[in-house]
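The values are calculated or read from the model by the stated rules, or taken from the named source; none is laboratory data. Nothing here was measured: the structure is a model prediction, and the numbers come from that model. Cβ placement follows ideal geometry from the backbone for every residue including glycine, while neighbour counts extend to all protein chains displayed.
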């Protein structure tokens with residue numbers, strides 16, 4: 001490594017949650033150096049954040065437009081930008097940086113609509129931008145192990161897929177209490193028309209796609225808002241029909257009392273089944289029909305090469321959420337280093353979510369809304 005990847009950040013100012021997570025993740029393996037930022041629409045907040053992070057004063061910017069313009073003109077300008085703002089700003093910011101030839105790492109969901117997402121995809125393709133979307137759960141070692149089991153045919157033909165992501169933090173109208181994270185996530189102008197389904201339902205959908213590779217042919221969705229006066233959904237139940245005949249379901253909820261971040265997935269095939277839980281992420285349970293259940297452990301001899309490649313410490317020392325994010329940053333760093341050093345890169349090595357996963361996520365949200373608005377009608381899912 002001749003030099004570190006120079007990264008900038010838009011969003012993630014003082015008191016923001018996800019920006020701090022991204023900063024920990026990008027530093028974990030030492031591949032990146034945070035050198036510039038426009039951390040808040042409030043310039044005082046941005047300056048304070050940048051100063052606390054040790055940034056040079058002239059690289060703390062009042063606007064992201066100014067940041068893109070000045071960083072692209074510097075000989076030591078940023079190679080990539082991390083976008084960690086509320087959802088409605090993802091595409092406008094990404095377009096500005098893509099136009100300047102700066103690569104992009106963006107928080108999910110990608111956009112407010114599939115049209116907006118496709119417009120961005122076209123720009124990314126035309127400008128040959130490296131683009132990663134931080135569906136961080138794809139970066140967990142045991143998720144990679146589950147994927148490898150299915151790819152190797154250990155489960156046989158897939159029959160049933162069940163994913164759920166229940167939380168309880170929006171059980172009351174937290175958006176009226178001054179909680180910033182609740183305020184923007186329940187405002188359709190900033191979060192998009194999908195509330196719970198956009199915030200966490202997309203994670204469950206993406207996890208199904210990543211682990212199984214199955215495409216949804218059609219779905220039937222029933223979304224609901226339980227908290228009076230809330231402007232977006234806070235619970236969603238979705239039935240899925242996959243190509244090849246497999247069936248499935250997704251449940252996402254932010255009013256499920258007693259659940260914190262209880263994402264889990266179960267996949268059943270003709271020969272076996274597996275289960276993974278995000279709150280106990282270092283283990284994967286796998287059962288072959290007629291045999292005792294096996295427990296695969298992250299960091300042990302039972303883990304696959306795909307899992308071990310993104311494992312840092314031995315079994316028994318937990319890894320989880322932050323490391324999952326760091327693994328996404330690590331995956332994309334390989335492609336960025338190849339680009340910086342003008343080296344060949346094999347695209348088949350890509351294991352991080354891309355702009356195409358982001359477009360799929362927006363189409364998922366819109367198909368769910370269409371179905372639910374038509375009395376849970378089975379609705380075709382269009383991947384094209």
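Taken over segment 5-22, the criterion of being at pLDDT 95 or above and either buried (at least 21 other Cβ atoms within 10 Å of the Cβ) or not in a helix (DSSP H, G or I) (or both) is satisfied by 5, 6, 7, 8, 9, 10, 11, 12, 13, 19, 22.
Looking at segment 292-303, which of the residues that are assigned to a loop (DSSP other than H, G, I, E, B) and touching a strand residue (DSSP E or B) at 6+ places or on another chain (Cβ under 8 Å) is surrounded by the fewest Cβ atoms within 10 Å (Cβ to Cβ)? Residue satisfying both the conditions and the ranking: 293. Every test in (1) at pLDDT 95 or above; (2) assigned to a loop (DSSP other than H, G, I, E, B) is passed by residue 324 save one, and that test is (2).
The criterion of at least 3 residues that are touching a helix residue (DSSP H, G or I) at 6+ places or on another chain (Cβ under 7 Å) is met by the following strands (runs of 3 or more DSSP E) wholly inside segment 194-288: 216-224, 235-242, 247-253, 283-288. Residue 275 meets each of the listed conditions (1) closer than 15 Å to residue 137 by Cβ; (2) touching a strand residue (DSSP E or B) at 6+ places or on another chain (Cβ under 8 Å); (3) in contact (Cβ under 8 Å) with a residue 12 or more places away in the chain apart from (3). Residue selection: residue 345 satisfies the criterion of being out of contact with any strand residue (DSSP E or B) (no Cβ under 9 Å at 6 or more places or on another chain) and either farther than 19 Å from residue 237 by Cβ or surrounded by 15 or more Cβ atoms within 10 Å (Cβ to Cβ) (or both).
Which of the residues belonging to segment 310-342 are in contact with a strand residue (DSSP E or B) (Cβ under 9 Å, 6 or more places away or on another chain) and surrounded by fewer than 11 Cβ atoms within 10 Å (Cβ to Cβ)? Working first, answer last.
Step one: filter segment 310-342 for residues in contact with a strand residue (DSSP E or B) (Cβ under 9 Å, 6 or more places away or on another chain), giving 315-316, 328-329, 331-333, 335-337, 339-340.
Correct list: 316 only.
A count restricted to segment 287-304 and to residues that are in contact (Cβ under 8 Å) with a residue 60 or more places away in the chain and farther than 30 Å from residue 199 by Cβ stands at 4. If you go through segment 330-345 and pick out every residue that is part of a loop (DSSP other than H, G, I, E, B) and touching a helix residue (DSSP H, G or I) at 6+ places or on another chain (Cβ under 9 Å), you end up with 3. Within segment 24-46, being in a loop (DSSP other than H, G, I, E, B), touching a residue at least 24 places away in the same chain (Cβ under 8 Å) and surrounded by 14 or more Cβ atoms within 10 Å (Cβ to Cβ) holds for 28, 29, 31, 39, 40. Restricting attention to segment 360-384, the residues that are in contact with a helix residue (DSSP H, G or I) (Cβ under 9 Å, 6 or more places away or on another chain) and either under 14 Å from residue 132 (Cβ atoms) or without any contact (Cβ under 8 Å) to a residue 40 or more places away in the chain (or both) add up to 2. Of all the criteria given as (1) touching a helix residue (DSSP H, G or I) at 6+ places or on another chain (Cβ under 6 Å); (2) in the same structural domain as residue 148 (by TED's automatic domain parsing), the one not satisfied by residue 325 is (2).
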